[in-house]
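Report on the structure given below.
What follows draws every value from the coordinates through simple rules; no lab data is involved. None of the values given here were measured: they were computed from a predicted structure. For neighbour counting, all protein chains shown are included, and Cβ atoms are generated from backbone atoms with ideal geometry for every residue, glycine included.
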Amino acid sequence: MTVFFKTAETLTAGAKTLPGYYYRSADLFQAEIERIFYRRWLCVGREAQIPEPGDYFLQQVGPENIIIVRDQQGRVRAYYNVCRHRGSRMCTTEAGRFPKAIQCPYHAWTYGLDGRLIGAPHMAEVRDFDKADYPLHPVATASWEGFILINLAEQPEPFEHAYAPLLGKFAGWRLPELQTVHQISYDVQANWKLLFQNYSECYHCPPVHPELSKLSHYTSGRNDLIEGPFLGGFMDIDHEGGSLSMSGRACAAPIAGISQENLQRVYYYTLFPNMFLTLHPEYVTAHLLWPQSYDRTLNSCSWFFHPEAMKRPDFRPDEAVDFWDMINREDWHVSELTQLGVSSKAYGPSPYSQQESLLAAFDREVLRALEHDLG
Ligand code: FES
Ligand SMILES: [Fe+2]
């Protein structure tokens with residue numbers, strides 16, 4: 001306890017909230033897209049979304065549209081959705097299966113699932129034209145815990161280096177085996193950073209989340225990742241056999257492999273810059289965030305359970321879905337109120353409490369990524 005507060009005190013000493021410019025500037029938002037969302041590893045979904053060769057989905061990243069597809073060898077690949085001929089967007093259906101190739105609807109240039117240009121009508125007549133010179137522009141991909149990540153940088157930081165603090169960290173939850181049971185998309189009228197900040201503290205839990213506060217005490221948090229791109233820790237579940245659900249009881253059998261101590265904890269992590277991961281004894285939720293503008297963020301929340309638990313009569317996923325849908329909406333509401341407030345000329349930086357040490361750390365990561373002065 002003492003150690004935690006000393007740490008929090010050290011980390012928040014003198015720390016203040018970001019100036020309003022960071023929440024209401026189209027120029028700053030553009031800089032974030034270029035320096036953060038085009039450079040960091042971004043989670044786009046689950047491997048299980050594209051089980052077969054040719055299966056694909058599209059992901060918008062700022063103004064870029066990316067095709068994520070499984071190739072003939074079973075590898076996940078990603079490409080800019082841009083034809084190498086005259087630049088047409090090729091695919092507009094959000095998800096589906098390509099019949100062995102990706103064909104541009106404009107002049108029918110055709111690409112293999114490995115990105116090679118394999119058909120280009122009449123281009124053989126063009127002197128020195130070589131199809132090998134015009135593959136789809138690739139985007140780096142990585143697989144982690146059943147999730148697919150992409151990186152739009154020309155020379156991405158190697159994934160294993162970027163994700164070193166998290167490799168193996170969540171093994172107890174058997175994430176690659178978990179199945180998506182439900183997904184809800186939210187359209188939140190608030191800056192993406194406000195959602196990160198909101199997720200990173202429970203100072204707001206007593207007034208905003210009365211139902212959550214009955215199950216998990218708002219000061220029970222202990223953080224183990226306190227600086228850098230990954231931040232978070234755990235909170236206690238007050239009652240034995242409890243969890244975060246509408247009834248306050250576990251809504252499925254615990255994931256096999258969860259330690260005794262973790263049967264009564266919920267872990268919360270932010271994965272900069274677009275993911276929140278919440279790990280309960282019997283299920284996991286993940287939020288993916290997609291900034292649309294400085295005051296609008298799309299957020300998709302997924303609920304994952306283990307298939308063994310799903311076969312049992314005590315499997316009641318609605319209890320988890322309804323609970324977090326309620327909490328999410330409460331969080332979006334206060335985030336939207338904050339967006340309105342920080343857009344005012346009256347708003348300015350204000351001191352963080354010791355319960356907000358992760359927000360100060362998140363802000364530092366944003367400023368580092370933007371190459372702005374940390375002072
Ligand atoms: S723009 Fe794609 S084939 Fe012409
Ligand atoms: Fe909240």
When the chain is fully extended, how far beyond the present Cα-Cα distance does ALA26 get from ARG116, taking 0.36 nm per residue of separation?
28.7 nm
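Below 11 angstrom from the Cβ of GLU211, what's the summed charge of the other residues (Lys, Arg +1; Asp, Glu -1)? Each step should come with its number before you reach the end.
Numbers: positive: LYS214; negative: ASP322, GLU330.
Result for the local shell: -1.
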Please compute the modelled spin-label separation between SER350 and ASP130, points set 7 Å along Cα→Cβ, answer in nm with one decimal.
6.3
Ordered by number, the GluC sites (Glu not before Pro) in the range 190-280 that occupy a DSSP loop and have at most 10 other Cβ atoms within 10 Å are GLU240
With just the Cα atoms defining each centre, how far is the range 107-170 from the range 226-249? Give it in Å.
38
Unpartnered Cys in the chain, judged by a 4.7 Å Cβ-Cβ cut-off, are CYS43, CYS91, CYS251, CYS301
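What does the helix-only formula give at 222 nm for the chain: each DSSP H stretch with n ≥ 4 adding -39500 (n - 2.57), the total divided by the residues, and the result rounded to the nearest 500 deg cm²/dmol?
About -6500 deg cm²/dmol.
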Take the cross-link list LYS100/LYS311; LYS169/LYS193; LYS193/LYS345; LYS214/LYS345 and give me the ones stretching past 28 Å between alpha-carbons.
LYS100/LYS311; LYS214/LYS345
In the range 132-161, which GluC sites (Glu not before Pro) fall in coil by DSSP and have 12 or fewer other Cβ atoms within 10 Å?
GLU154
Starting from the Cα of LYS16, draw a straight line to each of the aspartates and glutamates and keep only those under 19 Å, dropping any in the same chain fewer than 8 residues away.
GLU201, GLU227, GLU356, ASP363, GLU365, GLU371, ASP373
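Rounded to a whole number, what is D in µm²/s for the range 212-252 from Stokes-Einstein with the Kirkwood radius over alpha-carbon pairs (25 °C, 0.890 mPa s)?
On the way: Rh = 11.4 Å.
This corresponds to a translational diffusion coefficient of 216 µm²/s.
So what's the net charge close to ASP71: Lys and Arg +1, Asp and Glu -1, counting the other residues with Cβ under 12 Å from its Cβ? Show your work: numbers first, answer last.
Values: positive: ARG70, ARG75, ARG77, LYS100, ARG116; negative: GLU52, ASP55, ASP114.
Cβ neighbours under 12 Å give a net charge of +2.
Tell me, TRP41, TRP144, TRP109 in order of fewest to most beta-carbon neighbours within 10 Å?
TRP144, TRP109, TRP41
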For the chain, just list the percent of Cα-Cα distances falling in each 10 Å bin from zero outward, please.
5, 22, 30, 24, 12, 5, 1, 0
Specify the angular offset, from 0 to 90 degrees and rounded to the nearest 10, of the alpha carbon long axis of helix 317-342 from the longest principal axis of the alpha carbons in the chain.
90
Based only on other Cβ atoms within 10 Å, what is the fewest-to-most ordering of ILE226, ILE68?
ILE226, ILE68
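Averaging over every viewing direction, what projected area does the convex hull of the Cα atoms of the range 167-209 cover, in nm²? Display every interim value, and only then the final one.
Working: hull surface 21.2 nm².
Averaged projected area of the range 167-209's Cα convex hull equals 5.3 nm².
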Euclidean distance of C-alpha centroids, the range 294-359 and the range 18-83, integer Å:
21
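All other residues with a Cβ under 12 Å from the Cβ of LEU113 taken together, and with Lys, Arg as +1 and Asp, Glu as -1, what is their net charge?
Numbers: positive: ARG70, ARG75, ARG77, ARG97, LYS100, ARG116; negative: GLU52, ASP55, ASP71, ASP114.
Net local charge, LEU113 excluded: +2.
Tell me which trypsin sites (Lys or Arg not before Pro) from the range 309-366 have a DSSP coil assignment and no more than 10 other beta carbons within 10 Å of their own.
Filter output for the range 309-366: LYS311, LYS345.
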Once you place label points 7 Å from the Cα toward the Cβ at LYS100 and VAL208, how far apart are they in nm?
5.3
To the nearest 10 degrees, how steep is helix 2-12 against the longest Cα principal axis of the chain, on a 0 to 90 scale?
50
